[in-house]
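Report on one structure; see the data block that follows.
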Amino acid sequence: MSTVGHKNRGEPFFLLYSLAALAIVLTGFAPSFYLRSAEHAPLSTSFMVHGAFLTSWYLLVVVQSGVIGLGRTPTRLRLHQRLGMASILIFVAVIWTSWIVAVDFYRWGRPEAVLSPAALFYVNLNNILGFALCFVAGFLRRKKPKAHKRYMALAGIVILNPAAFRLVMSLGLPPPVTVPIQLGFVIALMVYDIRREKRIQPATWIGFSLILVMMLGSFTFGESAVWRGLLETLFPPG
């Protein structure tokens, strides 16, 4: 009975985790997207569509975490599974619109960017790939709850850096503060793993490694002449 009760109790941690990620997104993009001043130039259609789908993703993760995280019942599980299948459409839309926005950023630049256009494109491309890897891994591991919920939670964390960067800048903090914000989410998951599972789960290690590789690459290969030359070949000026 105690074992069954433990399985059905749910894990509120992931609801709080997803709410914290959503809070970063909402506050980070509030000045430039959600609460954009009429004094600023209107956003492009591609950016607005991208923002809508990305917001939908974070909201869906919150709903999913709440549905299953506050207690596993047959009804809640069925709803969770149905929403999970629907998430495929949002996933495809996020990938598609992220690519369009990444190319636009590379071609036209961003005035607030601290990276070169080539390095920024590298970051955005890594975000797309990292998000895709975590989502696909979570979908394939949907019969393994421990791995599934971690991959789905981490899918939103690997792409959290744009929102975290904008939040940091709006607070007048130096851009590198973005790094501990993003890593802090993974470290929190590691601490949770140790407390609940007595060891860090493989999915958490994979997410941590993925984010580290993405960060290091943006300041090394992303700024290299080889990468810039490749982009100039793929996206010739003019």
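The values are calculated or read from the model by the stated rules, or taken from the named source; none is laboratory data. This is a predicted model, so every value here is computed, not measured. Quick reminder, even Gly has a Cβ in these numbers, built from the backbone with ideal geometry, and neighbours come from all protein chains shown.
Within region 222-238, the set of residues being at pLDDT below 90, among the aromatic types (Phe, Trp, Tyr) and assigned to a helix (DSSP H, G or I) is empty. Among the criteria (1) in contact with an Asp or Glu (Cβ under 6 Å, 6 or more places away or on another chain); (2) in contact (Cβ under 8 Å) with a residue 40 or more places away in the chain, the one Ile200 does not fulfil is (2). Of the residues making up region 3-26, just one is of a type in the set (Ser, Thr, Tyr) and either modelled with pLDDT under 70 or assigned to a loop (DSSP other than H, G, I, E, B) (or both), namely Thr3. Sub-7 Å Cβ pairs linking a first residue in region 76-90 that is within 17 Å of Val136 (Cβ to Cβ) to a second residue that is surrounded by 14 or more Cβ atoms within 10 Å (Cβ to Cβ) and aromatic (Phe, Trp, Tyr), at least 6 apart or interchain, are Ile90/Phe53; Ile90/Trp57, ordered by first then second residue. Reported count of residues in region 30-50, each being buried (at least 16 other Cβ atoms within 10 Å of the Cβ), at pLDDT below 95 and under 26 Å from Pro180 (Cα atoms), is 2.
Among the candidates Arg82, Arg78, Arg107, single out the residue that is assigned to a helix (DSSP H, G or I), in contact with a Phe, Trp or Tyr (Cβ under 7 Å, 6 or more places away or on another chain), of a type outside the set (Asp, Glu) and surrounded by fewer than 14 Cβ atoms within 10 Å (Cβ to Cβ). Full working, then the answer.
Working: Arg82 fails: in contact with a Phe, Trp or Tyr (Cβ under 7 Å, 6 or more places away or on another chain); Arg78 fails: in contact with a Phe, Trp or Tyr (Cβ under 7 Å, 6 or more places away or on another chain).
Every option except Arg107 fails the conditions.
Looking only at residues of region 212-230 that are surrounded by 15 or more Cβ atoms within 10 Å (Cβ to Cβ) and in contact with a helix residue (DSSP H, G or I) (Cβ under 6 Å, 6 or more places away or on another chain), we find that the one that is nearest to Asn126 (Cα to Cα) is Met214. Of the residues making up region 49-75, those that are part of a helix (DSSP H, G or I) and either small (Gly, Ala, Ser) or free of Cβ contacts under 8 Å to residues at least 12 places away in the same chain (or both) are Gly51, Ala52, Ser56, Ser65, Gly66, Gly69, Pro74, Thr75. Checked against the criterion of being free of Cβ contacts under 8 Å to residues at least 12 places away in the same chain and of a type in the set (A, V, I, L, M), region 151-174 contains one or more residues that satisfy it. Looking at region 136-211, the helices (runs of 4 or more DSSP H) lying wholly inside it that each contain 2 or more residues that are among the β-branched types (Val, Ile, Thr) and surrounded by fewer than 19 Cβ atoms within 10 Å (Cβ to Cβ) sit at 178-197.
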